Amino acid sequence: MTALTLSTAAAPGLRADAIVIGVAKGAGSHAGRLVVAPGAEAVDKAYDGRLAGVLETLGASGAEGEVTKLPAPAGFKAPLVVAVGLGAEPQKDASYDAEALRRAAGIAARALAGSKKAAFALPLGDAADAGTIGEGVLLGAYSFDAYKDSAGNGAKDKKNGKAPLAEASLLGGKPRDKVYKAAVERALVVAEELNRARDLVNTPPNDLNPEAFAALAQTAAKEHGIKVQVLDEKALAKGGYGGILGVGAGSAAGPRLVKLSYTSAKAKKHLAFVGKGITYDSGGISLKPAGHNETMKCDMSGAAAVFTAVVAAARLGLEVNVTGWLALAENMPSGSATRPGDVLRMYSGKTVEVLNTDAEGRLVLADALWAASQEKPDAIVDVATLTGAMVLALGNRTFGVMANDDAFRSAVVEAAEEVGEPSWPMPLPEHLRKGMDSPTADIANMGERMGGGLVAGLFLREFVGEGITWAHLDIAGPAFNEGGPFGYTPKGGTGSAVRTLVRVAELTAAGDLG
């Protein structure tokens with residue numbers, strides 16, 4: 001992973017492959033002109049104050065996502081200047097938006113793949129900016145090349161791409177300041193764990209079945225002092241986890257329920273995170289149509305987010321108890337698979353008529369939610385790539401948030417916004433509950449087609465313990481990016497919701513949430 005350092009060095013004398021600066025679309029008296037953002041004063045001076053004009057001649061506009069490269073001025077030890085667009089210049093006395101800085105840093109880091117060192121001279125007003133820029137660099141420099149070693153000996157296959165940026169130095173940082181050091185350390189932990197989630201999502205399903213996922217969780221838990229419990233098929237059957245067993249019944253790879261427990265001696269609150277972990281989703285007997293199977297390795301993104309968020313909480317030493325529940329199964333068609341029309345008895349004791357085996361995520365989550373509820377946490381947050389309906393509603397970059405408490409839903413949405421993850425509050429309309437009434441069982445796993453994402457949320461609510469605050473994050477849209485990279489987001493697994501969960505844990509530890 002890219003090394004991250006703070007530096008007080010002046011840009012001209014710094015040995016690096018490139019100097020990264022920010023540029024923006026002018027506002028106010030600068031309207032219609034390109035402006036050089038704070039942090040790049042030394043670079044602009046070396047161009048005799050005409051850097052903006054030079055960049056405009058090269059076609060730069062300051063638009064977000066735009067990258068312009070030009071030779072460094074005489075006297076610089078770095079040979080290259082990389083100007084990255086920040087979007088609109090902030091109004092007078094305002095700072096650049098944190099997400100704009102994060103995205104710019106990520107774009108520049110990706111553009112500098114193959115470089116050994118880059119100096120980032122972006123607007124850095126305080127320690128928070130250092131953490132934001134550092135996080136953007138580390139997320140933007142991500143690459144997944146575990147399966148591109150044609151020699152089979154661990155050496156990178158040069159034909160398949162350049163190595164990520166090796167080192168990033170944040171100019172204007174204060175390497176001896178505890179606040180700055182803490183901000184960079186937090187960025188490092190969060191980015192490393194988010195990138196771990198990306199790796200898991202990108203791993204092919206033949207190498208990441210429920211047993212393999214559980215083993216990885218056990219290894220990480222041991223490394224970071226987290227207690228772990230894994231329930232295999234026998235333990236799940238003995239415990240009556242009918243939802244998880246029913247979904248995994250058609251696969252040769254048995255299901256697992258993994259419990260990760262991070263505890264702090266100073267904790268006053270207990271959070272439970274629950275993640276959907278369908279390591280491959282064929283749809284089961286209700287088989288997905290052609291063209292919908294190729295990316296279904298990503299259906300465990302919720303469990304990946306929960307797993308890595310718990311590890312991040314432990315590494316950051318947050319003063320809150322966090323329990324993660326990973327509901328892991330592979331949804332496959334076979335002679336032993338659950339059929340449409342079957343009735344499953346869930347861990348809660350409720351019976352569910354399965355009308356569609358491709359609505360499997362809610363079945364594994366139902367068991368895990370009830371298990372989490374037995375510990376009576378202060379709040380439960382579940383994360384899942386749950387419904388195509390949510391993608392239709394909110395698109396590919398925004399996740400929906402539902403909850404049984406409006407204030408908690410708002411708090412989760414605000415936490416997501418704070419860390420740069422687009423989300424939107426969604427309702428749980430009571431009239432949609434009736435559509436899941438079953439003549440055979442307590443509830444069916446399907447209801448009205450319209451509002452399907454909300455119906456799924458209503459189903460999950462049935463399995464949350466009485467009096468427990470709960471929120472549901474449907475990350476079906478942003479969990480896997482099938483298009484080209486943008487900002488600090490790569491193609492493939494994105495690590496969606498990791499930062500939101502970590503922020504929820506931080507705010508809870510501080511007593512500022514719930």
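Compute the relative contact order of the range 358-514 as a whole-number percentage, counting only Cα pairs closer than 8 Å that sit 6 or more residues apart in sequence. Don't skip to the answer; put the middle values down first.
Details: 258 pairs, mean separation 53.7, N = 157.
Taking the mean separation of contacting Cα pairs over the length of the range 358-514, I get 34 percent.
Per residue, how much accessible area does the range 362-514 show when a 1.4 Å probe rolls over the protein heavy atoms, in square angstrom?
On the way: 5740 Å² over 153 residues.
On a per-residue basis, 38 Å².
If exposed GluC sites (Glu not before Pro) are those in a DSSP loop with at most 10 other Cβ within 10 Å, what is the longest stretch of the chain that has none? Present the calculation step by step, with values, prior to reporting the outcome.
Working: sites that count: Glu294, Glu466, Glu482.
Within the chain, the longest run free of exposed GluC sites (Glu not before Pro) spans 1-293.
With a probe of 1.4 Å, find how much accessible area the range 31-104 has per residue, and write the answer as a whole number in Å².
Numbers: 3770 Å² over 74 residues.
Each residue of the range 31-104 exposes 51 Å² on average to a 1.4 Å probe.
What percent do you get for the relative contact order of the range 1-42 when only Cα pairs under 8 Å and 6+ apart count?
Numbers: 30 pairs, mean separation 13.8, N = 42.
Relative contact order of the range 1-42: 33 percent.
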Aspartates and glutamates within cross-link reach of Lys77: Cα-Cα under 20 Å, excluding same-chain residues under 8 positions apart?
Asp17, Glu41, Asp44, Asp48, Glu167
So what's the gap between the Cα centers of the range 262-288 and the range 105-127, to the nearest angstrom?
34 Å
Computed over the chain: longest principal axis from alpha-carbon atoms vs helix 361-373 long axis, angle to nearest 10 degrees, is 90 degrees
Normalised contact order of the chain, rounded percent, pairs of Cα under 8 Å and 6 or more residues apart
14 percent
If every Lys and Arg gets +1 and every Asp and Glu gets -1 at its Cβ, then about the Cα centre the range 453-503 yields a dipole, in debye to the nearest 20, of 260 debye
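Averaged over all directions, how much area does the convex hull of the C-alpha atoms of the chain cover when projected, in nm²? Working shown, then result.
Numbers: hull surface 101.3 nm².
The number I arrive at for the chain is 25.3 nm².
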Taking the Cα centroid of the range 37-66 and of the range 458-503, what is the distance between the two, rounded to the nearest whole Å?
37 Å
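Which whole-number value in Å² is the accessible area per residue of the range 249-318, probe 1.4 Å? Each step should come with its number before you reach the end.
Details: 2220 Å² over 70 residues.
Each residue of the range 249-318 exposes 32 Å² on average to a 1.4 Å probe.
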When you take every Cα atom in the range 227-339, what is the radius of gyration, and what is Dmax, the widest Cα pair distance, in Å?
16.0, 52
Two decimals, Cα atoms only, Kirkwood Rh: what is Rg/Rh over the range 49-174?
1.02
Out-of-range pairs (alpha-carbon distance over 27 Å; input Lys297/Lys350; Lys174/Lys266; Lys162/Lys297)
Lys297/Lys350; Lys174/Lys266
Ranked by accessible surface with a 1.4 Å probe, highest first, in what order do Ser143, Ser496 come?
Ser143, Ser496
Ranking Asp93, Asp437, Asp232, Asp129 from most to least accessible area with a 1.4 Å probe gives Asp93, Asp437, Asp232, Asp129
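Please give the net charge around Thr357, taking every other residue with its beta carbon less than 13 angstrom from that of Thr357, where Lys and Arg add +1 and Asp and Glu add -1.
Numbers: positive: Lys288, Arg339, Arg362; negative: Asp281, Glu330, Asp342, Glu353, Asp358, Glu360.
Result for the neighbourhood of Thr357: -3.
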Please identify the longest segment of the chain free of exposed chymotrypsin sites (Phe, Trp or Tyr not before Pro), where exposed means a DSSP state other than H, G, I, E or B and no more than 16 other Cβ atoms within 10 Å.
148-514
How much accessible area does Thr68 have with a 1.4 Å probe, in Å² rounded to the nearest 10?
20 Å²
If the cut-off is a Cα-Cα distance under 13 Å, which aspartates and glutamates reach Lys25, setting aside same-chain residues fewer than 8 apart in sequence?
Glu56, Glu64, Glu66, Glu89
A 19 angstrom limit on the alpha carbon distance is what I want to check against. Which of Lys259/Lys376; Lys45/Lys117; Lys45/Lys181; Lys69/Lys116; Lys222/Lys259 exceed it?
Lys45/Lys117; Lys45/Lys181
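Rounded to the nearest 20 debye, what is the charge dipole size of the range 297-439 about its Cα centre when +1 sits on each Lys and Arg Cβ and -1 on each Asp and Glu Cβ? Provide the component values of the computation, followed by the final result.
Numbers: 11 positive and 19 negative charges, 69 e Å.
Charge dipole, the range 297-439, about its Cα centre: 340 debye, nearest 20.
Given a 1.4 angstrom probe, I'd like the percentage of the accessible area of the chain that is carbon and sulfur, rounded to a whole number. Before the final figure, lay out the partial values.
Values: 10630 of 21020 Å².
Result for the chain: 51 percent of the exposed heavy-atom area is carbon or sulfur.
The values are calculated or read from the model by the stated rules, or taken from the named source; none is laboratory data. Predicted, not measured: the structure shown is a model, and the values here were computed from it. Methodologically, a virtual Cβ is constructed for each residue, glycine included, from the backbone with ideal geometry; neighbour enumeration extends over all protein chains shown. Side chains are part of the model used for accessible areas, which takes the heavy atoms of the whole protein and leaves out ligands, DNA and RNA. Shrake-Rupley method; radii C 1.70, N 1.55, O 1.52, S 1.80 Å.
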